[in-house]
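Notes follow the structure.
Any read-out appearing in this document is the output of simple, stated calculations on the displayed coordinates, not a laboratory observation. These figures come from a predicted structure and were not determined experimentally. Here Cβ is always computed from backbone atoms with ideal geometry, including for glycine, and neighbour counts include all displayed protein chains.
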Amino acid sequence: MSSENTGKEEHIVNYVKSFVALEEAMEPYKEQKRDLRSSYNENNWLTRDEMRMAVKAWRLMKTDTDFEELTDIFNHVKKGFRGA
């Protein structure tokens with residue numbers, strides 16, 4: 001086996017180890033997100049769709065999305081797929 005392949009294998013193993021460590025570290029936060037969604041749903045504060053839309057709106061706002069342009073493009077796409 002060439003040293004290049006050995007180096008590649010090491011990088012793959014190290015990447016997977018790091019990835020798994022990050023996934024494990026994030027799990028408690030993922031559980032908190034699930035609990036938060038469940039709490040809002042069980043208390044009838046927001047529906048699952050309302051929560052999804054709120055998060056989408058926040059992400060769009062965070063990236064400085066031009067809502068007028070987004071609406072225009074959305075309407076064009078909507079018209080184009082009505083007949084599909």
Debye, to nearest 20: dipole size of the chain, +1 on Lys, Arg Cβ, -1 on Asp, Glu Cβ: 420 debye
Helical mean residue ellipticity (222 nm; -39500 (n - 2.57) per DSSP H run of 4+; nearest 500) of the chain: -30000 deg cm²/dmol
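Classify region 1-45: rounded, prolate or oblate, from the alpha-carbon gyration tensor (a ≥ b ≥ c, eigenvalue square roots; a/c under 1.5 rounded; otherwise prolate if a/b is larger than b/c)? Write down the numbers at each step before the final one.
On the way: a/c = 10.13, a/b = 5.67, b/c = 1.79.
Note, shape of region 1-45 comes out prolate.
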Simple label model, 7 Å out from Cα along Cβ direction - Asn44 to Thr65, nm: 3.0 nm
Cα centroid separation, region 31-84 to region 1-20 (Å): 39 Å
Over 23 Å (Cα to Cα) - which of Lys17/Lys56; Lys30/Lys56; Lys33/Lys56 fall in this group: Lys17/Lys56
Net charge, Asn44 excluded, C-beta distance under 15 Å - Lys, Arg +1, Asp, Glu -1: -1
Label selected from [x] 20, 52, 24, 4, 0; [y] 11, 18, 20, 15, 16, 11, 8, 2, 0; [z] 14, 20, 23, 22, 16, 5, 0, the criterion being P(r) over Cα pairs in 10 Å bins from 0, in percent as computed here: [z]
Chymotrypsin sites (Phe, Trp or Tyr not before Pro) within region 8-84, DSSP loop, no more than 10 other Cβ atoms inside 10 Å: Trp45
